[in-house]
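Engineer: The structure is given below, and queries will be raised subsequently.
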Amino acid sequence: MIQVSRRELHSGRAFLLVLMAFTVLPFLSILTTALHPSGSLPSGLTWPSNPQWGNFAEAFDVANMSTLLMSSTLIVVMVVPISLVVATMAGFAVGLLRVPGARWVLLLFVFGLTLPFEGIITPLYFLARDLGILNTRLAIALPLIGLYMPFAVFWMRAHFAAMPAEVSEAAEVDGAGIWNLFWRIHVPLARPPIASLGILLSIWSWNQFLIALVLVEDPEQRTMAGALGAFQGHYATDIPLLCAGTIIILLPTLIFFVVFQRHIVAALLRGSVKG
Amino acid sequence: MTSTRRSRARRASPSVSRVGGRRRAFAGWLLVLPALGVYAMFVLQPLVRTVKYSLYRWNGVSSATWVGMSNYRDVLDDPDLIGAIFNSLRLIVFFSLVPVGLGLVAASVIRRVATGRVGTIVRTVLFLPQVIPLVAAGIIWGWLLSRSGLINQMLSGVGLGGVGRAWLGDFDWALPAVGMIGVWVLLGFCTVLLLTGMSKIEPSLFEAARIDGAGWFAELRAVVVPGLRYELGVCLTVTVISALAAFDIVYVATGGGPGNATAVPGIQIYILAFLERQVGLASALAVFIMLLVLIVVLPIQRLTREAS
């Protein structure tokens, strides 16, 4: 610890406590609200006299949470593995093989890095309609694979571009072909960045709202976040139930965060620095 | 960091080109092709179509009529649409300037008074809102900012019950209130990113500042801010994009209301394209917002590139 005056120590810590309270109080407020009797109108932050833990079960039922969990999981399962394979191959070709025209390819992908999704949501709707996938989970998954691709390719490229040349040279002495060089040597070495990318893409797909809202009408075929919007529409007046439903929907992300905490923080930060 | 990466990369390339040749280039392109294909199909082609739609009047069903630039003129003339662009610019203050400024102060305070485990706890807690769906953040704050919500309860607690109101339903306060949600979501991200950057600043610089008798603020100005120019640029880029491209939070917290007080381009595009069936107008607004992102983000990128 740095030598600081007692006064600075106290005021600094007080400041940090205020920031932490600002972050945590909203979570506490929806928790206590969720425990009030369904249909009542509690005030901000009061512990109920008779906590209604049953609200969570009720919200779970009325929002069809088991279906939603399944639906979100299916979308993540469609988006993440394909994105990882496709982006790793491209990152390898651009970052390590340096195919002719690699710079041009990267330049094309740069556009996608800062693209607001609402910029192309209208044509995506008509595209999904023409492909006959509107209102299916494919309508969410396929555009997401495309939209996350620029980030994913840049992410993997950064890893492969930093690989020491000796690794490839050693393999070439063995006479390994390009596919073997990729699959046997470089993919195993790239496991950590692939894992981090997988974690990021899972969170982003799970939390995706706009694409789900527009391309799939039935909330039960959407992502968790997409369904939450519909849930809010139905239960806007029943605040305790709405809060219980919100907690159920954000709980998986919080658990995921606690489990993979170090990975997630590091990945999100590195991701943005690269982007 | 970047320079070592670059020199390594330079060493990597000759070995590859040596074995190179046409077969290698062919195989490389085969590996790139799936990524390019899915990107072209679901991003580039829709991007071109947005521009194309913006030149037509079209309701999405019957045949489209060519109208040239008139949709763009309509966006500029319609107070609701140009107003949405201004709203998103005002959101930059809350989504970007406040979290970056507050995050900078928080990071430097954490470094000085909360090292070790306390610092880790502070970082983890502040980061929590970043991982939950933005929709959930919108619903949580929709409740907190309502008439019987926590904010008003706290205000009455300190004797300010008189200023209490339904914040998100108030014409003057709705936009700052939505901005508040952005502060909550983005503060932890900025703090943690800047803290990571600070760990890369030469410790001797802090030491020198200390010997010179620099207090917290002098250290911030002389050591921290110059050392964090790159990270500050990244924070600004990410948060500015999240302000200009805001949709989820606004959609669930206010739906753009009251009136159009919190309508942002994302909301207006959604309403125009999918509720009012004015595809051409929606697309013209979409082109505006994509250009705006580039116009704001490119100078920030440029500044930070020069810095590093």
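Engineer: Can you find a residue in region A:7-20 that is more than 24 Å from B:G157 (Cα to Cα), charged (D, E, K, R), more than 30 Å from the chain's Cα centre (by Cα) and facing chain B (nearest Cβ under 7 Å)?
Structural biologist: Yes; the residues of region A:7-20 include at least one that is more than 24 Å from B:G157 (Cα to Cα), charged (D, E, K, R), more than 30 Å from the chain's Cα centre (by Cα) and facing chain B (nearest Cβ under 7 Å).
Engineer: Which residue out of A:L31, A:L35 is farther than 30 Å from B:L236 by Cβ and more than 12 Å from every other protein chain (Cβ to nearest Cβ)?
Structural biologist: Answer to the check: A:L35.
Engineer: Let me ask something additional. On the given criteria, is B:V296 more than 9 Å from every other protein chain (Cβ to nearest Cβ), aliphatic (A, V, I, L, M), buried (at least 24 other Cβ atoms within 10 Å of the Cβ) and closer than 15 Å to B:R90 by Cβ?
Structural biologist: For B:V296, the condition - more than 9 Å from every other protein chain (Cβ to nearest Cβ), aliphatic (A, V, I, L, M), buried (at least 24 other Cβ atoms within 10 Å of the Cβ) and closer than 15 Å to B:R90 by Cβ - is not met.
Engineer: Now, a different point. Looking at B:G215, B:G280, which one is surrounded by fewer than 24 Cβ atoms within 10 Å (Cβ to Cβ), of a type in the set (G, A, S) and out of contact with any Cys (no Cβ under 7 Å at 6 or more places or on another chain)?
Structural biologist: Result of the check over B:G215, B:G280: B:G215.
Engineer: Just to check your reading of the model, which residue among A:G245, A:G233, A:G177 is under 24 Å from A:I82 (Cα atoms) and more than 7 Å from every other protein chain (Cβ to nearest Cβ)? Steps first, please.
Structural biologist: On the way: A:G245 fails: under 24 Å from A:I82 (Cα atoms); A:G233 fails: under 24 Å from A:I82 (Cα atoms).
From the options A:G245, A:G233, A:G177, the qualifying one is A:G177.
Engineer: Kindly evaluate A:T46 against the criterion of being among the β-branched types (V, I, T), facing chain B (nearest Cβ under 10 Å) and not in a helix (DSSP H, G or I).
Structural biologist: In short, yes.
Engineer: Could you check B:V67 against (1) in contact with a strand residue (DSSP E or B) (Cβ under 6 Å, 6 or more places away or on another chain); (2) free of Cβ contacts under 8 Å to residues at least 24 places away in the same chain and say which number it fails?
Structural biologist: Result: B:V67 passes all but (2).
Engineer: Among the residues in region B:170-182, are any in a helix (DSSP H, G or I), farther than 21 Å from B:G103 by Cβ and modelled with pLDDT under 90? Steps first, please.
Structural biologist: Here is the first cut: in region B:170-182, the residues in a helix (DSSP H, G or I) are B:174-182.
Add one more test, that the residue is farther than 21 Å from B:G103 by Cβ, and what stays is B:174-175.
Next, from what is left, pick out any that are modelled with pLDDT under 90: none.
No: region B:170-182 contains no residue that is in a helix (DSSP H, G or I), farther than 21 Å from B:G103 by Cβ and modelled with pLDDT under 90.
Engineer: May I pose another question? Can you find a residue in region A:181-199 that is under 30 Å from A:N64 (Cβ atoms) and either at pLDDT 90 or above or of a type outside the set (K, R) (or both)?
Structural biologist: So far as region A:181-199 goes, yes, one or more of its residues are under 30 Å from A:N64 (Cβ atoms) and either at pLDDT 90 or above or of a type outside the set (K, R) (or both).
Engineer: Do we find a residue being within 14 Å of the chain's Cα centre (by Cα) and farther than 23 Å from A:A195 by Cβ anywhere in region A:227-248? Spell out how you get there, then give the answer.
Structural biologist: Filtering region A:227-248 for residues within 14 Å of the chain's Cα centre (by Cα) gives none.
No, the conditions are met nowhere in region A:227-248.
Engineer: In region B:21-57, what residues are outside any helix (DSSP H, G or I) and either closer than 17 Å to A:W183 by Cβ or charged (D, E, K, R) (or both)?
Structural biologist: B:R57
Engineer: Which residue, of A:I133, A:I120, A:I185, is free of Cβ contacts under 8 Å to residues at least 60 places away in the same chain, under 24 Å from B:I295 (Cα atoms) and either out of contact with any helix residue (DSSP H, G or I) (no Cβ under 7 Å at 6 or more places or on another chain) or of a type in the set (A, V, I, L, M, F, W, C) (or both)? It would help to see each step written out before you state the result.
Structural biologist: Details: A:I133 fails: under 24 Å from B:I295 (Cα atoms); A:I185 fails: under 24 Å from B:I295 (Cα atoms).
When all the criteria are applied, what remains is A:I120.
Engineer: Here is a further query. Listed residues B:S199, B:S204, B:S242; which is under 28 Å from A:A212 (Cβ atoms) and polar (S, T, N, Q)?
Structural biologist: Numbers: B:S199 fails: under 28 Å from A:A212 (Cβ atoms); B:S204 fails: under 28 Å from A:A212 (Cβ atoms).
Step by step, each of B:S199, B:S204, B:S242 is checked, and only B:S242 is under 28 Å from A:A212 (Cβ atoms) and polar (S, T, N, Q).
Engineer: Continuing with the same structure: Quick check, is B:F288 aromatic (F, W, Y), at the interface with chain A (Cβ under 9 Å from one of its Cβ atoms), in contact with a helix residue (DSSP H, G or I) (Cβ under 7 Å, 6 or more places away or on another chain) and surrounded by fewer than 24 Cβ atoms within 10 Å (Cβ to Cβ)? Give the steps one after another, and end with the answer.
Structural biologist: Numbers: aromatic (F, W, Y): yes; at the interface with chain A (Cβ under 9 Å from one of its Cβ atoms): no; in contact with a helix residue (DSSP H, G or I) (Cβ under 7 Å, 6 or more places away or on another chain): yes; surrounded by fewer than 24 Cβ atoms within 10 Å (Cβ to Cβ): yes.
Taking the combined requirement at face value, the residue does not satisfy it.
The values are calculated or read from the model by the stated rules, or taken from the named source; none is laboratory data. Since we're looking at a predicted model, the values are computed, not measured. Neighbour counts run over all protein chains shown; Cβ positions are idealised from the backbone, glycine included.
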